[in-house]
Amino acid sequence: MVVRSVSDSDSPQSPLWPLADDDVKDALLSAFADGSWGKYQGPHIPQLEADLARYLDVPHAFCCASGTIAVEIALRALNLPEGAEVLLAAYDFAGNFRAIQAAGLRPALVDVAADRWRVDVEQLEAAIIPETKAILVSHLHGDLAEMPEVMEIARRHQLQVVEDACQAPGAKIGGRQAGTWGDVGTFSFGGSKLLTAGRGGAIFTARDDIYQRAKVYCERGNHAFPLSELQAAVLIPQLAKLELRNQRRAVAVAKFRDATRHSETWITPPPAEGSPAYYKVGWYLADPTTREAVCARLKENGVAIDAGFRGFARRPAAWCRKAGELVQARRAAEATITLHHPILLAEEAELTRAVETVRQIAGG
Ligand SMILES: Cc1ncc(COP(=O)(O)O)c(C=O)c1O
């Protein structure tokens, strides 16, 4: 038997996550009892897809194997011409750049707004050229992209939009679920995510044609990138608790933000409008050269804070078009640190200890 240690994993894991919920245990035991754990088809995927669609208030949700493949399926379902250009922020999840390439499309990089992780909407519009056919926009590190503005630009220029809400399930923008502003949205159910099945993802859309194309692309005599019945079974009770847990996480984030508000070394971004969801809570360090030491010190003191994404600003020009100097995205890649979410649901004493550790190290 091979015993996997936490460090074998390819994504950050916390011993606090996933939580040992009784309703998840019941779902596992019941899937064992009725044999659905080992079946191709059972009741759990249809129920999860129906629950997701109801929760998000969209007609269609479709489960798949990961958030990474969800983004690619979403892009493919737009039915764009081969080689068409897709705008994305130069600071984003690495797999999103790759998903555009894998779908036979070409990434074009746009800067992010200063001190934030959202695409800069003014630069987004300025970056559009005749080859541009779509926008891939992500909600990152507790920030929310300005979806009303993004959609307005998209409509004016006849672009389609993939909205990546893998880090933000249950977030709301203008009262509407993050992920449902775009033509198609995506979730991740990866092992570190707010809704977790270890692996997994979903797309959701109000457009029948996108839903049909996504299903056809995945259909190879069977779903080629499936979520399993067992994975769906454990996600159903988690989805039912998402709102409540997001509210608790938001209360805890306010405490961390309060602790860093007056810091001269940590830059606390303005809160996103609407109701963010917190998977990785981001800050900028005023001095990026201190990042490794700051993260190490926090970890020594039991607070799971890591560097953010590497971003794409340094990618070779042969792979993508760069709209401008991408100054803020370069800075984001060097200066971002992110707090992993499990502490946000911790017992009061543990949370207070972590907040005080951050206050001390940030000098807030
Ligand atoms: C913004 C974003 N999109 C997509 C993904 C991919 O999700 P998965 O790990 O399920 O492939 C991630 C994962 O961290 C992410 O942060």
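The values are calculated or read from the model by the stated rules, or taken from the named source; none is laboratory data. Values in this document were obtained by computation on a predicted structure and should not be read as measured data. Please note: Cβ atoms are built from the backbone with ideal geometry, for glycine as well, and neighbour counts cover all protein chains shown. Accessible surface is based on the protein model in full, side chains and every heavy atom, while ligands, DNA and RNA are left aside. Shrake-Rupley method; radii C 1.70, N 1.55, O 1.52, S 1.80 Å.
State all residues of segment 102-112 that are touching a residue at least 60 places away in the same chain (Cβ under 8 Å) and either within 18 Å of the chain's Cα centre (by Cα) or within 15 Å of the ligand (Cβ to nearest atom) (or both); if no residue qualifies, say none.
We begin by selecting, within segment 102-112, every residue touching a residue at least 60 places away in the same chain (Cβ under 8 Å); these are 106-112.
Those that are touching a residue at least 60 places away in the same chain (Cβ under 8 Å) and either within 18 Å of the chain's Cα centre (by Cα) or within 15 Å of the ligand (Cβ to nearest atom) (or both): Pro107, Val112.
With respect to Glu131, determine if the residue is touching a His at 6+ places or on another chain (Cβ under 9 Å), charged (D, E, K, R), open to solvent by 30 Å² or more (accessible area, probe 1.4 Å) and more than 16 Å from the ligand (Cβ to nearest atom).
Details: touching a His at 6+ places or on another chain (Cβ under 9 Å): no; charged (D, E, K, R): yes; open to solvent by 30 Å² or more (accessible area, probe 1.4 Å): yes; more than 16 Å from the ligand (Cβ to nearest atom): yes.
Spelling it out, it is not the case that Glu131 is touching a His at 6+ places or on another chain (Cβ under 9 Å), charged (D, E, K, R), open to solvent by 30 Å² or more (accessible area, probe 1.4 Å) and more than 16 Å from the ligand (Cβ to nearest atom).
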The residue from Thr186, Thr180 that alone is among the hydroxyl-bearing types (Ser, Thr, Tyr), touching a residue at least 40 places away in the same chain (Cβ under 8 Å), out of contact with any His (no Cβ under 8 Å at 6 or more places or on another chain) and open to solvent by 10 Å² or more (accessible area, probe 1.4 Å) is Thr180
Please determine whether any residue of segment 201-219 is farther than 14 Å from Cys63 by Cβ, within 16 Å of the chain's Cα centre (by Cα) and surrounded by 15 or more Cβ atoms within 10 Å (Cβ to Cβ). no
Could you give me the residue pairs with C-beta distances under 8 Å whose first residue belongs to segment 332-349 and is farther than 21 Å from Pro269 by Cα, whose second residue is charged (D, E, K, R) and buried (at least 21 other Cβ atoms within 10 Å of the Cβ) wherever it lies, and which are 6+ apart or on separate chains? Leu345/Arg249
So which residues in segment 324-364 are surrounded by fewer than 18 Cβ atoms within 10 Å (Cβ to Cβ), outside any loop (DSSP other than H, G, I, E, B) and touching an Asp or Glu at 6+ places or on another chain (Cβ under 8 Å)? Val327
Against the condition assigned by TED's automatic domain parsing to the domain that holds Leu28, of a type outside the set (Ser, Thr, Tyr), assigned to a helix (DSSP H, G or I) and under 25 Å from Ala233 (Cβ atoms), how does Ala214 come out, does it pass? yes
Subset tally (residues that are small (Gly, Ala, Ser), more than 11 Å from the ligand (Cβ to nearest atom) and closer than 17 Å to Val281 by Cα) for segment 158-177: 2
I'd like the full set of residues that are open to solvent by less than 50 Å² (accessible area, probe 1.4 Å) and either assigned to a loop (DSSP other than H, G, I, E, B) or within 15 Å of Glu85 (Cβ to Cβ) (or both), limited to segment 296-323. Val303, Ala304, Gly308, Phe309, Gly311, Phe312, Ala313, Cys320, Ala323
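Looking at segment 254-288, which of its residues are among the aliphatic types (A, V, I, L, M) and crowded, with 19+ Cβ neighbours inside 10 Å?
Narrowing segment 254-288 to residues among the aliphatic types (A, V, I, L, M): 254, 259, 267, 272, 277, 281, 285-286.
Ala259, Ala272, Ala277, Val281, Leu285, listed by residue number.
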